[in-house]
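The values are calculated or read from the model by the stated rules, or taken from the named source; none is laboratory data. Not measured: the values here are computed from a predicted model. With ideal geometry, Cβ positions are generated from the backbone for all residues, glycine too; neighbour counts draw on all protein chains shown. Note: accessible area is taken over every heavy atom of the protein model, side chains too, but ligands, DNA and RNA are not part of it. Shrake-Rupley method; radii C 1.70, N 1.55, O 1.52, S 1.80 Å.
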Amino acid sequence: MRKIVVLTSVSLDGVMQAPGGPDEDRSNNFNYGGWTFPYFDEEAGAVMGKQMGVPFDLLLGRKTYNIFAAYWPQQNEAENPGAAPLNKAIKYVVSHAQRQLQWENSVLIHENPVENIKALKTQDGPMLQVHGSGNLIQTLLKNDIVDELWLKIFPVTLASGKRLFGDGAIPAAFTLYESSITSKGVIIANYKRAGEVETGSF
């Protein structure tokens, strides 16, 4: 049984849009692309290295796939340590439209995405990491097929932008099983899905 792990950089008010650069995603007039950059340091880089150092395949939405496919295959794997695991991984790409996928080891999921993703989870293989892919994440959350959230919570509010828990949010409990804080105030928090929401009274 494979698990689906969502790796996301998120602001204090839940925004996940365009963390990496100004032109990553300007949709809906988002003007704060690259908002993680001032807080990213060697500690955050070490966390990324650890997370990318485990065996994984990728589960990506079309937009994130296009961004990755335009960049990572052109990188020197000896000089850029992130390139080799991403290029080696099988890339499962969820798209509403038929398309040719040029990046090596890419597989299109076009029809019945939820059923196909659930079937992927039943197979033997490494975890399926989800990077970016805001629309896909909403589908995964709505259908309760996210097993873990690996969050990097940055000390900034953005007021607008695509949110991690947007249209796909459902009532769900999670257990924090690993956490740390970088010297620049980024909270690293890993959560496992943990059943239903429990309530009580004081």
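For residue 201 and residue 96, FRET efficiency with R0 = 35 Å and r from the beta-carbon atoms, rounded to 0.05?
0.20
Roughly how many Å² is the accessible area per residue of the chain, as a whole number, for a 1.4 Å probe?
Averaged over the residues of the chain, the accessible area is 55 Å².
Give the relative contact order (percent, whole number) for the chain; include only Cα pairs under 8 Å separated by 6+ residues.
Once normalised by length, the contact order is 32 percent.
For region 1-105, build the charge dipole from Cβ charges (+1 Lys, Arg; -1 Asp, Glu) around the Cα centre, then report which of 71, 105, 34 sits farthest towards its positive end.
Most positive-ward Cα: 105.
Run the dipole for region 95-202 about the Cα centre, Lys and Arg Cβ at +1, Asp and Glu Cβ at -1, nothing else charged, and hand back the magnitude in debye, nearest 20.
400 debye
Go through 183, 27, 201 and list them by solvent-accessible area, largest first, probe radius 1.4 Å. Don't jump to the answer; show the numbers that get you there.
Working: 183 95, 27 35, 201 115 Å².
Listed by decreasing accessible area, they come as 201, 183, 27.
Considering the chain as a Gaussian network with a 10 Å cut-off on Cα pairs, which listed residue, 21, 161, 45, attains the greatest mean-square fluctuation?
Of the options given, 45 has the highest mean-square fluctuation.
Which residue fluctuates the most in the chain, going by a Gaussian network model with Cα springs under 10 Å, if the choices are 142, 88, 152?
In this elastic network of the chain, the residue with the biggest mean-square fluctuation among 142, 88, 152 is 88.
Which of these, 57, 13, 23, has the largest mean-square fluctuation under a Gaussian network model of the chain (Cα springs below 10 Å)?
23
Which net charge results when you count Lys and Arg as +1 and Asp and Glu as -1 among the other residues whose beta-carbon is under 12 Å from that of residue 192?
Residues close to residue 192 contribute a combined charge of -1.
Tally up the carbon and sulfur contribution to the accessible surface of the chain as a whole percent, 1.4 Å probe, everything protein left in place.
That fraction is 52 percent.
For residue 23 and residue 178 in one chain, what is 0.36 nm times their gap in residues minus the Cα-Cα distance, to one decimal in nm? Don't skip to the end; give the middle numbers.
Working: separation 155, 0.36 × 155 = 55.80 nm, distance 3.21 nm.
Extending this stretch completely gives an extra 52.6 nm.
Can you show me the helix-derived [θ] at 222 nm for the chain, built from DSSP H runs with n ≥ 4 at -39,500 (n - 2.57) apiece and divided by the number of residues, rounded to the nearest 500.
Result for the chain: -6500 deg cm²/dmol, rounded to the nearest 500.
What does the charge add up to near residue 170, with Lys and Arg as +1, Asp and Glu as -1, over the other residues with Cβ less than 9 Å from its Cβ?
Net charge around residue 170: 0.
Extension gain residue 105-residue 46, at 0.36 nm per residue separation less the Cα-Cα distance, in nm?
So the extension gain works out to 18.6 nm.
Strictly greater than 23 Å: what percent of every Cα pair in region 17-119 meets that?
The proportion of pairs with Cα distances above 23 Å equals 37 percent.
How far apart, in nanometres, would the label points at residue 75 and residue 121 be if each is projected 7 angstrom from Cα along the Cα-to-Cβ direction?
2.9 nm
Tell me which lysines have Cα within less than 20 Å of residue 3's Cα, excluding those fewer than 8 residues away on the same chain?
50, 88, 91, 118, 121, 142, 152, 192
Based on Cβ point charges of +1 for Lys and Arg and -1 for Asp and Glu, what charge dipole magnitude is obtained for region 1-129 about its Cα centre, in debye rounded to the nearest 20?
Its charge dipole is roughly 500 debye.
What is the packing order of peptides 113-119, 188-194, 174-180, taking the mean over residues of other C-beta atoms within 10 Å and listing the highest first?
Ranking the peptides 113-119, 188-194, 174-180 by packing returns 188-194, 113-119, 174-180.
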